[in-house]
Structure formats: C-alpha cells, structure tokens
Amino acid sequence: MFSRKAITKFFALALVYLTVAGNAWAGKKKKRKPNIIFILADDLGYGDLSCYGQTKFSTPNIDRMAERGLRFTDHYSGSTVCAPSRCTLMTGFHTGHSYIRGNQEVKPEGQLPIPASSVTVAEVLKQAGYTTGVIGKWGMGYPGSEGDPNNQGFDYFFGYNCQREAHHYYPTHLWRNQERVEYPENNLKEKKGKYSHDLFTEDALRFVRENKDNPFFLYLAYSVPHADVDVPEDSMKPFIGKFDEKPYKGGGYLAQPTPKAAHAGMVTRMDGDIGKLNKLLADLDIDENTLVIFTSDNGPHVEGGHNPAFFNSAGGLRGVKRDLYEGGIRAPFIAMWPGTVKAGSETDHPSAFWDFLPTACEIAGYQAPVGIDGISYLPTLLGKSPKQKKHEYLYWEFHTKAQTRDKQAVRKGDWKGVRMKIKTAGQPIELYNLAKDPGEKNNVASKYPEIVAEITAIMDQQHVKSEYFPFSYESTKIRKAKTKRPQ
C-alpha cells in the first residue's frame, strides 16, 4: 500500500507534468504560423460581386467572407492584364520596376519567364517554414524555364503553365509540377469531359487536407471568368432565359449562344467552390489560423461575348481590362481571418498587389526583401489603422505590342493622373479627383498645374527602362523572349 504522503506527492508531480506539458502544447499551438490562402479570380470586375453591388446574380459565399472579415474599397491590382499583375503579386514590385510589364508570349507554350534572380513570396514563405502550392493559372514562364513555379519557390504546382492555354476550360493537358497531365476526354471543340476549374477546386481541397497540420501557403489562381465564356450546363441553367442574349458567334474565343448566362454561371460556380473551401477550413478546425484573401487580377474583359456594361462589372468606374482608369485596375478585395480580422469591417486604405509580399512576410515573422515597392497592410487587417504605413503614391505602367498604346497612371491621395498613348517623353497627363469624381469623367489638369507637375515627376522617376518593355520613344524594337525548350 502507498502512504498518503506518497500518493499526494505522485499527484503533485503529475499535476506539474501536466501543467508543463499543457503549457508547452499551448506554446507550440500559439507559435504555429498562420496559413495563408490567396484566391485570385481572372478578369472579375470591381462590381461583379453582390457585396460590391452586383444585382444580376448573387455571390453568397464570397459575401459571407466579407461579413466575417474585412472588405477593401480602394485596393488595386498589379496591372490591367494578367502576366504583369501576377508578377507584382509574386515579387512586391510595381510595374515601373517589375520584370514583366505586359503580356509577352513564348511559343509553343508559355510567356516571358521571371528570372531566377527574382525573389517571390513563395520563396520567402518556404524559407519561413511554409509548404507552398500554386493551383490554377501561372503565366510567368514556360514549362521547365527559370520562371516555372517549381523554380520560383513553389513545392507544388498544378494547372496551366501558359495563360494562353488557360483561355480554354476543357484543356487537352495541364501540368503537375514537371509532368504533363493529358486529358483525352477533352479537345478544343466537341469533347468536354473535364472542366479545369473543377479540377483546380478538387486539388485545392486535397492540398489543404494534406497540409492541415503544418503552415501552408496556397495560391489558388482560378481562370474564371476570363474568356472563353464557358461553363458546364448545371451552372448556366439557372440563368438561361433570364437575360436578353446576343449570341457570340466565335472568333478568337469559343462561340457562346448565351454569354450573359454563361458569365453569371462562371462567377456563381466559383462562388460555390470558395464556399466549399471555407467550409473545409472550418471542418478541419483551422479556419481561425488561416487568412483567406479573395481578389481579381484586373478589371472586366470584353471578349468572348461578355458584356461588362450590362452587368455593371466595373462597378460604375471608368474603363475595363487594358485601361489604367479605375475600372481597369481597382479590384474587389476581401480578407477573412476569423478571430483576428474584425468581422463585417471595411477600409478605404489604398493598397495594391505589390503589398502582398511584405504582408505575408510580416504574418510569417520573416524579413521582407529590401528595396521592394510594397508596404505590409497587416496593421489594417488587425484593425490597427494608426500603425498602418501608407503609400505616398501608387504607380502603374502598361505596355502593349503596339507601343503607341502604352500608358502610365499614378494615384496620390485622392488625385489620379493618367498618361495615354506614350509616343514621346513628357506627354501631358489627365488629372482626376477621385473623391469628387470616382468615375474619372472630369479632367481637371488645367486647373491644378502644381498637382500635374507632382504626378508627372512621379511617372518619370518611377519608370525604370526595360529591355523587354520599352516605351516607344526609348526604343523602336522590343526584345522578345525565346524558349530553349525542345519542340
């Protein structure tokens, strides 16, 4: 028999052990770094969500994110087309400094690669102990190049390496890391077996399940609602007959008899899948340790029969994709982090894609690369506005194949300057007061020469010459990317 003293000592030691173990477990749990999920829609306009004013259809799951999190009113994409916007997101540089400043194709499959010297958000998060994955559309290299996602810090990649291939939702192939995955049940015309968006959702859910016990970064780069305007019948059916349709007969994109119904179906299908992802986070009990961000890479497109005016896809803002007016670059942006980000909150903090990298670094407790253009918006997420550093200005430049359509833009406070069709140095700018004129209808440049001078100086100073993306007055020839990949 044990004495009462021995029994008391046993329980006392057991209590000490359990207390120490419990504290250690709690400390370990507390030190677990938050997961980060960045969901990017493709060509979704500022007004294409019901929580941003859409009335032709509803997006209840994304709206629920806004109800449970923070809605930004003044967030901007990195550019007004795909590749440069994604480059700013990954590297933290605006398009005056970034490597990619326009879409430049590589044949047979891919785009101009970001160089090996680039430091991406995936690379820094990987160094901070995260498992990193990108699922969806890439567009910053070609398979096997230095810009391939596996060579830019991503442990895992599944999707379209080439954004041109992503125009088709029933692909003949996708890429899983360096392996080409064939889909014989698809072709570009009649056979529609596997819808790529659904494959991305399934893979994203699997990635979360497999990595739930350790910090992960998932970049979920959906390709909807970019043209082709194409979606399975079950998503289009609720909208058939609801709108007055003008059939799209095809051309550069797939023919679509009911493009309005298809657009509504594409967005609502994505909304439902985002609901599945958020439900999984809750079911796995990791939602309170996961920051989920949803946004779009640029303004609404006008291809494939889509009518952004009908849907008010730009949310009343001027311009669409390829414009540097607000409708081309202002993006919906929602951040949900239950228990950390205040539910149902809203901010007008001006921010942009190049702010994501330093934000992710601060969340991970890792030093952001020196010299980038981004500023962490974590204080805004945490509701600590007085501690939020602000940009003196936001800058964009956009380059096209026809250099005479190149353009620049600057937002400085409530002032917005736009310089169009840059043929020579020192071209005049348009000036708008966004507080009084968010639709950029009234050019007041002649009334405020001092503001024009300030913005002109920013444009001239922030543009660093690029051999791949020169303005027309800098060069008559654009250097083209070449692929070394065997044909």
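The values are calculated or read from the model by the stated rules, or taken from the named source; none is laboratory data. Quick caveat, the model's predicted, so the values are computed rather than measured. No Cβ is skipped: glycine too gets one built from the backbone with ideal geometry, and neighbour counts run over all protein chains shown. Accessible surface areas use protein heavy atoms only, side chains included; no ligands, DNA or RNA. Shrake-Rupley method; radii C 1.70, N 1.55, O 1.52, S 1.80 Å.
In the neighborhood of residue 464, defined by Cβ-to-Cβ distances under 13 Å, what is the net charge if each Lys or Arg adds +1 and each Asp or Glu adds -1? Neighbour charge sum, excluding residue 464 itself: -3. Electrostatic tally near residue 244: other residues with Cβ closer than 15 Å to its Cβ, Lys and Arg +1, Asp and Glu -1, net +3. State whether the range 394-484 is rounded, prolate or oblate according to the following rule on the C-alpha gyration tensor (a ≥ b ≥ c being the square roots of its eigenvalues): a/c under 1.5 gives rounded; otherwise a/b larger than b/c gives prolate, and the remaining case gives oblate. It comes out prolate by the Cα gyration axes.
Checking every one of the trypsin sites (Lys or Arg not before Pro) in the range 177-242 against DSSP loop status and a limit of 11 other Cβ atoms within 10 Å picks out 189.
For the range 282-342, a/c is not less than 1.5, where a ≥ b ≥ c are the root eigenvalues of the C-alpha gyration tensor, and a/b tops b/c. That puts it in the prolate class. The relative contact order of the chain, computed from alpha carbon pairs under 8 Å that lie at least 6 residues apart in sequence, is 22 percent.
For the chain, the calculated P(r) over all alpha carbon pairs, in 10 Å bins from 0 to the bin holding the longest distance, is 4, 19, 30, 26, 12, 4, 2, 2, 1, 0 percent. What separates the Cα centres of the range 244-314 and the range 153-187 is a distance of 19 Å. Measure off, as a whole percent, the carbon and sulfur share of the 1.4 Å-probe accessible area of the range 206-259, all protein chains present. Here it works out to 51 percent. Can you tell me the dipole magnitude for the chain around its Cα centre, using point charges on the Cβ only (Lys, Arg +1; Asp, Glu -1), in Debye to the nearest 20? It comes to approximately 820 debye.
Taking only protein heavy atoms and a 1.4 Å probe, the accessible area of the range 344-391 is 51% carbon and sulfur. When DSSP beta bridges are restricted to pairs lying wholly in the chain, around 55% turn out antiparallel. Equivalent ellipsoid of the range 308-363: semi-axes from √(5λ) of the C-alpha gyration tensor, largest first, are 27, 16, 8 Å. Taking each DSSP H run with n ≥ 4 as -39500 (n - 2.57) and averaging over every residue of the chain yields -8500 deg cm²/dmol at 222 nm.
In this structure the amide hydrogen of residue 181, modeled in the peptide plane, comes within under 5 Å of the amide hydrogens of 174, 175, 176, none closer than 5 places in sequence on its chain. In the chain, taking the dipole from charged Cβ atoms about the Cα centre, the farthest positive-side position among 240, 72, 376 is held by 376. Label-to-label distance for residue 209 and residue 478 is 4.4 nm, based on points extended 7 Å past Cα in the beta-carbon direction. Counting only protein heavy atoms and a 1.4 Å probe, the chain has 43 square angstrom of accessible area per residue. What's the longest uninterrupted piece of the chain once you rule out the GluC sites (Glu not before Pro) that are loop residues per DSSP with at most 13 other Cβ within 10 Å? Of all site-free stretches, the longest is 191-391.
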